[in-house]
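Below is one structure, written out as structure tokens, with a few remarks after it.
Taken together, the values in this text are just the output of simple stated rules run on the coordinates, not laboratory data. Predicted model, so just to flag it, every value in this text is computed and none were measured. Every residue, glycine as well, gets a Cβ built from its backbone with ideal geometry; the counts of neighbours run over all protein chains shown.
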Amino acid sequence: MLTLAAAALSMSLDLLSADQAPQAPLPAVFISKEEHEGVLKESIAKNAVDTPIKATDIPGGKTAVAMLYRSKAEASALIHNDVTETYYILSGSGTIVTGGSLGTPKPTDLTRVNAGMSQTGTRIGGASKKVKPGDIIIIPAGTPHSFSELDAPISYLVYRFEPSKK
């Protein structure tokens with residue numbers, strides 16, 4: 001009887017450890033300076049605001065990098081429902097407004113640029129901050145944001161994280 005119990009326990013532990021076996025690490029994704037500078041040149045030539053560079057699935061969700069280039073301030077504000085963004089300003093300067101709320105929000109599907117379902121609307125309130133090259137801004141999902149003023153065209157890398165849907 002003891003041998004049978006030991007065998008059952010051993011099989012249970014084997015099944016448990018198989019369920020919790022470590023998974024192979026995911027490959028790293030590399031973006032060279034030349035690659036993101038090339039995307040910026042292409043964005044300027046095409047007058048494209050938001051150009052995805054690379055994206056990959058990671059444990060817990062999806063991460064993506066995009067190049068943004070703006071030649072004028074934004075007329076409306078934006079909220080990403082589930083995507084958190086981190087901006088790294090490369091060139092140019094201006095004023096970003098974060099927080100507050102959106103007036104008359106309208107659903108906007110930005111999945112093509114890895115920003116997920118979002119909302120656009122009129123900016124109401126928020127905190128203004130001057131930004132310049134080298135500055136980093138973290139914008140949590142659900143936070144209204146927009147550039148209210150630009151001193152000159154601005155370019156910035158955007159790192160996006162979208163958690164997995166449960």
Scalar couplings 3J(HN,Hα) for region 152-166 by Karplus 6.51 cos²θ - 1.76 cosθ + 1.60 (θ = phi - 60°), nearest whole Hz, x for Gly and Pro, are 6, x, 10, 10, 7, 7, 10, 9, 10, 10, 10, x, 5, 7, 9
Calculated from DSSP H runs of 4 or more alone, at -39500 (n - 2.57) each and per residue, what is the 222 nm mean residue ellipticity of the chain, nearest 500? -6500 deg cm²/dmol
Residues of type lysines that LYS33 reaches as a straight line, Cα spacing below 28 Å, ignoring anything fewer than 8 places off in the same chain: LYS41, LYS46, LYS54, LYS62, LYS72, LYS129, LYS130, LYS132
At what distance in nm do the modelled label points of GLU34 and LYS129 sit from each other, each positioned 7 Å from its Cα along Cα→Cβ? 3.5
Could you go through region 61-66 in sequence order and give the Karplus-derived ³J(HN,Hα) for each residue, using 6.51 cos²θ - 1.76 cosθ + 1.60 with θ = phi - 60°, rounded to whole Hz, and x for Gly and Pro? x, 9, 10, 8, 10, 9
Name the aspartates and glutamates eligible as straight-distance cross-link partners of LYS166: C-alpha to C-alpha under 17 Å, and not fewer than 8 places from it in the same chain. ASP57, ASP82
Roughly how big is the chain's charge dipole about its Cα centre, with Cβ charges of +1 (Lys, Arg) and -1 (Asp, Glu), in debye to the nearest 20? 460
If amide H atoms are modeled at 1.01 Å from N in the peptide plane, then the residues at a separation of 5 or more from ALA141, or on another chain, having amide H under 5 Å from its own are THR84, GLU85
Please grab the % of Cα pairs in the chain that end up more than 24 Å from each other. 45
Plugging the Cβ-Cβ distance of ALA24 and GLU149 into 1/(1 + (r/R0)^6) at R0 = 35 Å yields, to the nearest 0.05, a FRET efficiency of 0.15
Quick one: which residues, 5 or more positions from ILE53 or on another chain, have an amide H under 5 Å from its amide H? H modelled 1.01 Å from N in the peptide plane, none for Pro or chain starts. VAL65, ALA66, MET67
Angle in degrees between helix 33-46 and the longest Cα principal axis of the chain, rounded to the nearest 10: 50
